[in-house]
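A quick write-up on the structure given underneath.
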Amino acid sequence: MRSLPRAVLAVALIAVGVPLATTAAYARQDSSSAMVEERVYVETTVDTDNNGRLDRVAIDVSRPTDGSRVPVVFEHSPYAKGLKPATNYNPNVDRLPQEGIFGVASTDAEGARVAKATPDLPDWYDDYFVPRGYAVVMGHSIGTGDSDGCPTSGDRNETIGTTAVIDWLNGRAKGYNAAGTQVNATWSTGNVGMIGISYNGTLPNAAAAAGVPGLKAIVPIAAISSWYDYYRANGLVVAPGGYQGEDADVLAKAVLGRQACTSQLASITSNQDRVTGDFTPFWQQRDYVRDANKVTAGVFVMHGQADWNVKSMQYAQWWDALKANNVPRKIWLHRGGHAAPSRSDYQATVLRWFDHHLKGIDNGIMTEPKADVQFPDGTWQTYADWPDPAARDVTLRLGATSATAPGTLSFGAGGEVKQTFTDNGRTSTASTLVASPDSANGSRLIYRGSTLTSAAKLSGAPRVSLRMAVENRKDANLTALLVDYGGSSPVIVTRGWLDPQNRTDITSGSALVQGTEYDLTFKMQPKDYVFASGHRIGLVVISTDYDYTLRPTAGTTLRLAPGLSTLTLPVTGLSQPGNDFSVAVAPSSGTVAPGGSATATVNTTTTSGSAQTVTLSASGLPAGATATFAPTSVTSGASSTLTVATSTTTPPGTYPVTISAAGTSGTKTAAYSLVVSGTGGCSGTNATPVAIPDQATVESAITIAGCSATPSATSAVHVDILHTYQGDLVITLVAPDGSTYVLHNRTGGATDNVIRDYTANLSGETANGTWTLRVQDAASGDTGTLRTWSLNLGGTPPPTGCAGYQVTKTGTLASGGNAYQPDNNYYETTVSGEHKACLDGPNGTDFDLYLQKWNGSAWSNVASGATSAADEKVTYTGTAGRYRYRIHAYSGSGGYTLGYTAP
């Protein structure tokens, strides 16, 4: 077991959100009867404290009592004895220290002590794995806890101190007990799996990159893959989130064990280089990514997407390197921070990973999707790989029409206006600077895209290319923030940093000429995130990032050329266009009597690239109707007048008309709803509800009179039945002469409700008379209600209507489109209660209805009607809050009516 008290460990685990194992997950066993426990000191091949003796690292072993040879689950940690107080650097500086590289004086000073939370030592490994046929080894990293030597913050000596334990487990290194007697791991199969969170997860990456034989699998959680990217970013000194001013020497002092290690710690301070921020040999030997070709262990990466301590670049660059070297791998990206994922299958999946790689069990884990990704709303998605293989780079150009006003993100040209801003140093946080996006702010530049008409999912690392100049200093911080605008407050999705002196090479900088523009290209931290429909993607450019970068005195002025700057996003839901245009019709519907005409304006817009010639046409007109355009062809950006003329013989009804605009880049369409007024005599509706008892047959009648037409071979029957088991029902249409037409015969199984349109060949029937809908419940256990049904002998079902609701909204949708009501906004209730809504969609289409509620960060579906019919109804009982309805044209186009009542 562990040397720290269990009560202390339990508090530490709960504090960081690591799930504790419970008796429901496994049977906890008493260590004295179920496990052999021993302390061993493993001899390494290094002498980090220069005392003339090879360092030994302390490990604690828990293993089964039966003496069988078992594989090993190994966690190595510098935190075994907690942390010592260590002084962080003061991030407030007069000027950036790298300004002094090219002849400008700089200063740096130490500041007040900053307390750092003690990392956890997970307490579930031995209790969970030993009963399942493993030994568990908990090690004290070299120079920490009870181990010899000096801590080195990620270098080769620290790796050797880790791999020595694996060597001992394979008989290649010596181990001793407290009395100095040599101890051998005869109980070990030599197959080792490593696991850990944070620093404890970083050491498995280091060991795997060393290619040590016997290491078969690792589970690095919230782990570092390159220490440079933990304390630096593209030439800037950048702190881990929450620990402003920390650096490699501060961490080494915090984990220092029993030794003084004065000269060794001074060497770290000297070599880490807080002046240039360059990727020096000090950092290069702490980069495990470059040695990914040595990895033979299966790697199961876990990381929180809200982890700004060990940032997401760490898992992304490690994953890419593993992929390039065909390393067996799996990744979980959860929505949390610097901790393990909160999943009920967390422990079981880790066990399966180790069982496969350490015991050779074919349990199917390697045939599962490689990537599981959780989004802020709590939902998980699986990808065949990471980033999402469906994501494609989309490049947006920055634009501005004013030197001070907020700018744009678009596919079009960005213009020639240049904009400047002045860094206010240590007085504003990024969260403050992204607020009030509609107003100019002299300390930031902001660019936003148009409102999204559908969701766009980011998967991977955004990239910016900014044409910029530093006008009055030798250097500056440069920070780019990707922001989601559209919710109750802006959300900083991700961010990135660059030292302009390192614009071409992170290993060494080059001087800036004040006022000279440079192309500054860098990546932001990777992220998986959904920008919701109705939101806007934003890019905010600032200098000092209060929580991460050094904070120089205010006054640095930077200039940006938006028209020569871009933002590239790896996304789904957006695509990179060439020359393109759009078309719209206003108004989107018109009502005429037979013989009358209606007019509307067809507007075209150039959405990207250059304008093009667009030719207009219309389809879907009823008999006797014509459409003309004046003019017939326009240059995109211009308008045309649409005139729809009907004849006296045009049948009454609602007709979805498609307006087509054909250009060189393709054909675009807009929907127009033509309503021809009048009363037809060949259709009817019975909206009187009829209860359907269990194992009973009920009927509802419609009488047709005055219909002079012969019923159509495609006569339409609309049925709306609430029932808890479709498979119980037989639905039959009975003609006036008694002929029967079976519409539904016990299909659908346990699916609820039958709300759909049917087509029947009634051409051999007489139109006038009583038509009956017969509904039989043919099995026990379920009941329902026939709410309404309609019959149209001409082939087009009449609209069911949505009368009797508090609010009525109308609109028109093209196939695949979405609309949000009320009026692309939301309504807010202050009390709990029932929400009811009815959607009356165009005949012959499949329109769906979703009730969505705002959860504080995104809209989530709380109720839906998504059958194959045009009409839908939803009912939901909910608490107070903000709600909206999403109408989706799954197939077909045309006008719709939405009625809803709120509590």
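The values are calculated or read from the model by the stated rules, or taken from the named source; none is laboratory data. In this text, all values refer to a predicted model and were calculated from it rather than measured experimentally. As a convention, Cβ positions derive from the backbone with ideal geometry for all residues, glycine included, and neighbour counts pool all protein chains shown. Note: accessible area is taken over every heavy atom of the protein model, side chains too, but ligands, DNA and RNA are not part of it. Shrake-Rupley method; radii C 1.70, N 1.55, O 1.52, S 1.80 Å.
Figures for the structure shown
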{"quantity": "Ordering of 307-319, 436-448, 616-628 by burial proxy (mean other Cβ atoms within 10 Å per residue, highest first)", "calculated": "307-319, 436-448, 616-628"}
{"quantity": "Spatial separation of Cα centroids for the range 829-857 and the range 570-619, in angstrom", "calculated": "27"}
{"quantity": "Burial ranking of peptide ranges 335-347, 132-144 (average Cβ count within 10 Å, highest at the top)", "calculated": "132-144, 335-347"}
{"quantity": "Net +/- balance of residues flanking Asn234 in space, Cβ distance below 13 Å, scoring K and R +1, D and E -1", "calculated": "0"}
{"quantity": "In Hz, Karplus ³J(HN,Hα) per residue of the range 508-520 (6.51, -1.76, 1.60; θ = phi - 60°; x = Gly, Pro)", "calculated": "7, x, 9, 5, 9, 9, 4, x, 8, 7, 10, 8, 10"}
{"quantity": "Average accessible area per residue (Å²) across the chain - probe 1.4 Å, nucleic acids and ligands excluded", "calculated": "38"}
{"quantity": "On Cα atoms only, tilt of 6-15 relative to the major axis of the chain in degrees", "calculated": "40"}
{"quantity": "For Met194, distant residues with modelled amide H under 5 Å away", "calculated": "Phe74, Ala217, Ile218, Val219"}
{"quantity": "Mean residue ellipticity (222 nm) of the chain, computed from DSSP H runs ≥ 4 via -39,500 (n - 2.57), nearest 500", "calculated": "-3000 deg cm²/dmol"}
{"quantity": "Vicinal HN-Hα couplings computed from phi for the range 351-357 (Karplus, 6.51 cos²θ - 1.76 cosθ + 1.60; Hz; Gly/Pro x)", "calculated": "4, 4, 4, 5, 4, 5, 8"}
{"quantity": "Set of lysines near Lys370 by C-alpha distance (under 19 Å), chain-local residues within fewer than 8 positions excluded", "calculated": "Lys216, Lys323, Lys330, Lys457, Lys527"}
{"quantity": "Neighbourhood net charge (13 Å Cβ-Cβ; Lys/Arg +1, Asp/Glu -1) for Gln576", "calculated": "0"}
{"quantity": "Net +/- balance of residues flanking Lys359 in space, Cβ distance below 14 Å, scoring K and R +1, D and E -1", "calculated": "+2"}
{"quantity": "Whole-Hz couplings from phi, Karplus 6.51/-1.76/1.60, listed for the range 730-737; x for Gly and Pro", "calculated": "10, 10, 10, 8, 10, 6, x, 8"}
{"quantity": "Shape of the chain, Cα gyration tensor, a/c cut at 1.5", "calculated": "oblate"}
{"quantity": "Value of relative contact order over the chain, rounded to a whole percent, pairs C-alpha under 8 Å and six or more apart", "calculated": "8"}
{"quantity": "Potential extension, Ser450-Ser267 segment - 0.36 nm per residue separation minus Cα distance", "calculated": "60.6 nm"}
{"quantity": "Residue among Cys838, Ser510, Asn184 farthest towards the positive dipole end of the chain, charges placed on Cβ", "calculated": "Ser510"}
{"quantity": "On Cα atoms only, tilt of 262-272 relative to the major axis of the chain in degrees", "calculated": "40"}
{"quantity": "Taking the range 580-676 and dividing mean pair separation by its residue count, relative contact order in percent (alpha carbons under 8 Å, at least six apart)", "calculated": "36"}
{"quantity": "Ranked packing of 370-378, 63-71, most packed first, by mean Cβ within 10 Å", "calculated": "370-378, 63-71"}
